[in-house]
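So the structure is just underneath, and the comments pick up after that.
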Ligand code: DAK
């Protein structure tokens, strides 16, 4: 079935781009949109032609959070039964690199979705925030954890407890995002970054991503052990032979993901 709230583009070979498309509600993440996003990511992750995935909204909003109208009347038991976390957990399992291309509002669940991606490219107009406190709740999809790890306690506390939005410039300075561009260039920049990643060995990229993410939920020793296992494993790949041989022969490598 055709998705209603997302559009899938292919801006370059090996690069897929999922655009969140509920502009009338600033791309508020309702259950259907999240489910379509989950399914698209599952399919693109399995597609051998795809090596990097961009998620964007539009110029005005990446996403202004979970859909408040859909959540407002829910009880704790409703929330438990809906089990939206299984959708977010599935998205988190995407093995290929995810780049968030953010312009305008990235708030609440929108900010959390951007942070769940591996890198964030933002336009100068981007605003990041966790305003859930103003609704009488708190972040529920990783905001207290990923934001704190990215920007540190002082700024995370301020954002989560006051709901203050930060600009792209402040987000860059705080280490939340990778790059800032003028608004007309943010998508182009995200595609450039995605193309750069897709020129590498897809296998090495996936294993390296997995190892970097391991740093967030393991001790240094466990993380190093994990890194070592993936490092050894890559020596079983054709891409390792190709990458090193190409260096020796002074030519560009042709990686196959095998
Ligand atoms: N939900 C539903 N509709 C929204 C929305 C949202 N989050 N944000 C904006 N809209 C709608 C507005 O209601 C309005 O609709 P109409 O009135 O035109 O029908 C339309 O988008 C345009 O918005 P505004 O008229 O308000 O536009 P402004 O430029 O004046 O203001 C704004 C933009 C972004 C400052 C404002 O719209 C705003 O404050 N929006 C709410 C931001 C917010 O509080 N976000 C956090 C939501 S709570 C979970 C996972 C995640 C979450 C929870 C659970 N699980 C896994 C269980 C996440 C929770 C959240 O994100």
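The values are calculated or read from the model by the stated rules, or taken from the named source; none is laboratory data. The structure presented is a predicted model; accordingly, all values stated were derived computationally and were not measured. Neighbour counts run over all protein chains shown; Cβ positions are idealised from the backbone, glycine included.
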Please go through the stretch 60-70 and pick out each residue that is more than 7 Å from the ligand (Cβ to nearest atom) and over 23 Å from the mean Cα position of the chain (by Cα). 70
Having 3 or more residues that are under 25 Å from residue 183 (Cβ atoms) and touching a residue at least 60 places away in the same chain (Cβ under 8 Å) is the bar; report the strands (runs of 3 or more DSSP E) wholly within the stretch 1-105 that clear it. 52-56, 98-102
Residues 203, 197: which one is in a helix (DSSP H, G or I), under 14 Å from residue 255 (Cα atoms) and in contact with a strand residue (DSSP E or B) (Cβ under 6 Å, 6 or more places away or on another chain)? 197
Taking the condition modelled with pLDDT of 95 or more and within 18 Å of residue 28 (Cα to Cα), does residue 167 pass? no
From the list 166, 91, 82, 99, which one is more than 12 Å from the ligand (Cβ to nearest atom) and within 26 Å of residue 42 (Cα to Cα)? 99
Please go through the stretch 102-130 and pick out each residue that is more than 16 Å from residue 27 (Cα to Cα) and within 11 Å of the ligand (Cβ to nearest atom). 116
